[in-house]
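What follows draws every value from the coordinates through simple rules; no lab data is involved. Note that the structure is a prediction, hence the values are computed from the model and not measured. No Cβ is skipped: glycine too gets one built from the backbone with ideal geometry, and neighbour counts run over all protein chains shown.
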There are 2 protein chains.
Amino acid sequence: MKIAIAGAGAMGCRFGVKLQNAGHQVTLIDNWQDHVTAIQEHGLTVTTDDGQDHITPMTAKRPADVTERFDLVILFTKAMQMDQMLQQLSGILDNQPIVLTLANGIGNVETIERHVPKDRVVAGTTVWSSSLTGPGHITVTGTGSISLQAIVPEKFDELPALIAALNAAHLNASPAENVLAAIWKKAALNSVLNTYCTLFDCNIGEFGSLPNWRTLNDAVLTEFAAVAKAAHIQFDAAADTTLIAAQFDPDKNGGHYPSMHQDMAKKRPTEIDFLNGYVAQLGKKLGVPAPTNALLTQLIHSQESLRGIK
Amino acid sequence: MKIAIAGAGAMGCRFGVKLQNAGHQVTLIDNWQDHVTAIQEHGLTVTTDDGQDHITPMTAKRPADVTERFDLVILFTKAMQMDQMLQQLSGILDNQPIVLTLANGIGNVETIERHVPKDRVVAGTTVWSSSLTGPGHITVTGTGSISLQAIVPEKFDELPALIAALNAAHLNASPAENVLAAIWKKAALNSVLNTYCTLFDCNIGEFGSLPNWRTLNDAVLTEFAAVAKAAHIQFDAAADTTLIAAQFDPDKNGGHYPSMHQDMAKKRPTEIDFLNGYVAQLGKKLGVPAPTNALLTQLIHSQESLRGIK
């Protein structure tokens with residue numbers, strides 16, 4: 001398959017190198033010039049669990065330099081950069097490639113649908129992880145899996161082929177029964193852990209040690225449940241709470257600072273508008289008040305301002 | 001007049017020394033042993049605007065050591081310590097002294113009414129300020145005023161005498177027309193500035209420079225207005241917003257960190273339950289939702305926990 005990875009950060013690079021090693025023809029596309037140049041000149045360096053560096057020559061380009069056509073475009077840009085990336089790539093979407101998004105946050109599918117016919121869009125969630133260590137360099141640990149579903153399943157018969165292509169690269173892909181529910185489930189977890197850990201400048205274990213973590217958790221998830229219900233999306237606040245509580249274990253993710261905390265610390269814009277902010281907006285549109293998520297969104301934006309972000 | 005200052009911190013000491021200098025017989029009462037001992041042994045040191053230290057011998061006692069009776073008890077304890085202080089002083093309240101509270105926060109009058117007949121209670125607000133520099137030592141700047149009113153005006157004919165006693169000490173006291181409205185006005189200002197500056201670890205000017213400060217402000221004050229209306233208390237959110245915006249000026253209070261920020265920094269419990277928390281609770285009781293103030297209360301309590309407070 002000819003595959004473009006649009007947004008070749010930590011995750012995009014990990015997927016890209018695995019797909020190329022499986023025999024696919026992969027192009028990494030990113031707006032970060034230093035990163036693209038480093039890959040062009042020295043290949044992509046992947047540091048694995050055992051501390052070994054593996055260097056793989058790969059094709060890397062800025063969006064403006066991409067002219068060829070692809071069978072599959074995997075979008076790994078951050079939610080707030082997705083619209084811009086799709087605009088930049090509009091010239092190469094005329095052959096109607098499959099467009100797959102595995103990015104965090106709610107609302108990505110709506111963004112993609114503004115640029116791509118709905119029946120070419122596949123959405124999913126993944127628990128693969130990766131860190132961008134520097135230009136042309138990622139560090140990876142553990143394994144993961146992907147769960148994915150076409151947005152219009154009855155009009156998309158390529159899912160088995162897509163899953164096979166991903167699994168040739170050992171990406172552990174499988175069909176999802178309700179991908180929107182899966183996206184909401186993950187977004188709700190992030191809307192609790194990412195948001196509060198960023199606000200309090202604490203890690204996941206410290207959040208879990210708060211005497212009032214359940215009150216904070218429930219204030220967010222009760223509104224998620226009400227808005228999801230109005231939007232006809234399956235959502236189980238109790239199940240999400242169990243999943244969140246399972247992260248507190250110091251042997252699991254307790255010592256981890258969520259990605260939003262890392263964004264704030266590195267003075268990058270956060271994804272808050274695609275987590276709590278999305279639910280607050282959707283709630284407003286549907287007449288379901290979500291004041292807790294609205295306030296949390298404002299509080300994170302205030303912190304961004306105080307740190308001079310954007 | 002025989003006057004007890006119950007809670008002789010920064011403000012209590014400033015009032016105490018001014019009242020004693022005017023010829024009143026003043027006893028400072030406080031639970032902080034080092035502070036009481038320092039005053040007993042070396043007098044109270046007041047550093048004034050001009051950098052000069054003024055030492056005044058004063059009577060200072062722990063609550064348990066107070067046995068005499070007073071004409072006037074001025075309560076200057078923090079809101080969350082008021083109930084305990086009144087319990088400790090219950091033995092000396094049998095002569096029905098006037099009990100005056102000028103402390104910040106809503107709900108102090110309710111606390112006092114559990115210990116003192118309603119018709120002996122006078123409440124007010126003050127813009128005098130003072131800092132506790134160390135045991136037996138305060139630093140004062142500028143002047144101020146007091147606005148006060150009896151809780152049951154028709155059963156209290158001593159207001160002119162009380163005002164005269166305070167003004168003999170140049171405290172600029174005058175009768176308030178609606179002291180409950182004045183308390184809410186000040187509490188609302190504190191529920192915006194103290195709470196957000198503490199949450200964001202910023203000063204008043206930095207809060208005012210946030211592009212979304214009005215959204216944050218309005219989220220708090222809209223609920224204050226709704227709860228005040230249900231409780232039949234006069235409250236004007238627009239006037240409060242104007243008052244808040246006036247604090248941003250760097251030549252006024254812009255560079256100032258509010259008292260709650262100082263409490264958090266010094267690992268002392270905050271007054272949040274008597275600001276946003278009071279309105280959230282009262283709203284709950286009256287069936288008027290106040291989710292923003294409820295969440296902000298929880299967020300400040302979380303920060304207290306993370307700093308090991310209480």
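So how strong a dipole does chain B carry about its Cα centre when Lys and Arg Cβ are +1 and Asp and Glu Cβ are -1, to the nearest 20 debye? Let's see the in-between values first.
Details: 23 positive and 30 negative charges, 100 e Å.
Result for chain B is approximately 480 debye, rounded to the nearest 20.
Would you kindly compute the Cα radius of gyration of chain B and its largest Cα-Cα separation (Dmax), both in Å?
Computed over the Cα atoms of chain B, radius of gyration and Dmax are 19.1, 55 Å.
About the Cα centre of segment A:180-307, how large is the charge dipole given +1 on each Lys and Arg Cβ and -1 on each Asp and Glu Cβ? Please answer in debye to the nearest 20. Each step should come with its number before you reach the end.
Values: 11 positive and 12 negative charges, 66 e Å.
Approximately 320 debye in magnitude.
Can you return the aspartates and glutamates within cross-link range of B:Lys252? Criterion is Cα-Cα under 15 Å, with same-chain partners fewer than 8 residues away left out.
B:Glu206
Nearest-to-axis residue of chain A, judged by Cβ, for the A-to-B rotation, with distance in whole Å?
Its Cβ sits closest to the axis: A:Pro291, 2.
Can you give me the long-range amide H partners of A:Thr59? Hydrogens built in the peptide plane at 1.01 Å from N, cutoff under 5 Å, separation of 5 or more residues or another chain.
Counting only residues 5 or more places away or on other chains, the set is A:Leu28.
Kindly give the distances from B:Glu68 to its copy-mates, label point to label point, with each label point 7 Å from Cα along Cα→Cβ, as nm values to one decimal ordered shortest first.
From this label point to the equivalent ones elsewhere in the assembly: 9.6 nm.
Equivalent ellipsoid semi-axes for segment A:2-177, as square roots of 5 times the alpha carbon gyration tensor eigenvalues: give them largest first, rounded to whole Å. Intermediate results must be reported in sequence, preceding the final value.
Numbers: eigenvalues 116, 71, 40 Å².
Its equivalent ellipsoid spans semi-axes of 24, 19, 14 Å.
Distances from B:Ala238 to the same position in the other copies: list them in nm, one decimal, shortest first, using label points 7 Å from Cα along Cα→Cβ.
4.8
Apply the Karplus curve 6.51 cos²θ - 1.76 cosθ + 1.60, θ = phi - 60°, to the phi angles in segment B:121-135 and return the couplings in whole Hz, x for Gly and Pro.
9, 10, 10, x, 10, 9, 10, 4, 9, 5, 10, 8, 8, x, x
Could you work out, for the protein assembly as shown, what percent of all Cα-Cα pairs fall into each 20 Å distance bin, beginning at 0 Å and stopping at the bin that holds the largest distance?
17, 41, 25, 14, 3
Nm distances between the label at A:Ala265 and the same-position labels in the remaining copies, 7 Å along Cα→Cβ, shortest first?
Counterpart label points of A:Ala265 in the remaining copies fall at 2.4 nm.
Does segment A:180-307 classify as rounded, prolate or oblate by the C-alpha gyration tensor (a ≥ b ≥ c root eigenvalues; a/c under 1.5 gives rounded; else a/b over b/c gives prolate, otherwise oblate)? Spell out each step's value before the answer.
On the way: a/c = 1.88, a/b = 1.21, b/c = 1.56.
Oblate shape, in that a/c is at least 1.5 and b/c is the bigger or equal ratio.
Charges on Cβ only, +1 for Lys and Arg, -1 for Asp and Glu, centred on the Cα centroid of chain B; of B:Pro211, B:Leu282, B:Ala10, which one is farthest towards the dipole's positive end?
Checking the options against the dipole of chain B, the answer is B:Leu282.
Do any of B:Lys78/B:Lys185; A:Lys229/A:Lys284; B:Lys18/B:Lys267; A:Lys285/A:Lys310 go past 22 Å between their Cα atoms, and which?
Working: B:Lys78/B:Lys185 18 Å; A:Lys229/A:Lys284 14 Å; B:Lys18/B:Lys267 30 Å; A:Lys285/A:Lys310 27 Å.
Where the Cα-Cα span goes over 22 Å, the pairs concerned are B:Lys18/B:Lys267; A:Lys285/A:Lys310.
Any chance you could check the Cα centroid distance between segment B:30-58 and segment A:1-58 for me, in angstrom?
69 Å
Does segment B:126-214 come out rounded, prolate or oblate, given a ≥ b ≥ c as the square roots of the eigenvalues of its C-alpha gyration tensor, rounded meaning a/c under 1.5 and, failing that, prolate meaning a/b above b/c?
Working: a/c = 3.07, a/b = 1.57, b/c = 1.96.
Oblate is the answer for segment B:126-214, as a/c is 1.5 or above yet b/c matches or exceeds a/b.
Starting at the first residue of segment B:163-169, write each ³J(HN,Hα) from the Karplus equation 6.51 cos²θ - 1.76 cosθ + 1.60 with θ = phi - 60°, in whole Hz, x for Gly and Pro.
Going residue by residue, I get 4, 4, 5, 5, 6, 4, 9 Hz, with x marking Gly and Pro.
Quick one: among B:Asp201, B:Asp30, B:Asp249, which has the greatest mean-square fluctuation in a GNM of chain B with alpha-carbon springs under 10 angstrom?
Sorting by GNM fluctuation, first place goes to B:Asp249.
Which value at 222 nm does chain A reach when only helices count, each DSSP H run of 4 or more adding -39,500 (n - 2.57), with the total divided by all residues and rounded to the nearest 500 deg cm²/dmol? Please list the in-between numbers first.
Values: 12 runs with 134 residues, N = 310.
Dividing the helical sum by the residues of chain A leaves -13000 deg cm²/dmol.
Summing Lys, Arg as +1 and Asp, Glu as -1, what charge do residues with Cβ under 15 Å from the Cβ of A:Val140 carry, A:Val140 excluded?
Values: positive: A:Arg14, A:Lys18; negative: A:Asp49, A:Asp50, A:Asp53.
Around A:Val140, the charge tally is -1.
What does the charge add up to near A:Tyr257, with Lys and Arg as +1, Asp and Glu as -1, over the other residues with Cβ less than 13 Å from its Cβ? Mind showing how you got there, number by number?
Numbers: positive: A:Lys266; negative: A:Asp201, A:Glu206, A:Asp263.
Local charge sum for A:Tyr257: -2.
Across all directions of projection, what mean area in square nanometres is found for the Cα convex hull of segment B:1-104?
Numbers: hull surface 26.3 nm².
With every direction weighted equally, the projected area is 6.6 nm².
Mind listing the phi-derived Karplus ³J(HN,Hα) values for segment B:55-67, rounded to whole Hz, using 6.51, -1.76 and 1.60 with θ = phi - 60°, and x for any glycine or proline?
Taking θ as phi minus 60°, the curve returns 9, 10, x, 9, 7, 10, 9, 6, x, 5, 8, 8, 10 Hz for segment B:55-67.
Less than 13 Å Cβ to Cβ from A:His170, Lys/Arg counted +1 and Asp/Glu -1: what total charge do the surrounding residues give?
Details: positive: A:Arg14, A:Lys18; negative: none.
Net charge around A:His170: +2.
Given charges of +1 on the Cβ of Lys and Arg and -1 on the Cβ of Asp and Glu, with all other atoms neutral, how large is the dipole of segment B:2-177 about its Cα centre, in debye to the nearest 20?
Values: 11 positive and 18 negative charges, 22 e Å.
Approximately 100 debye in magnitude.
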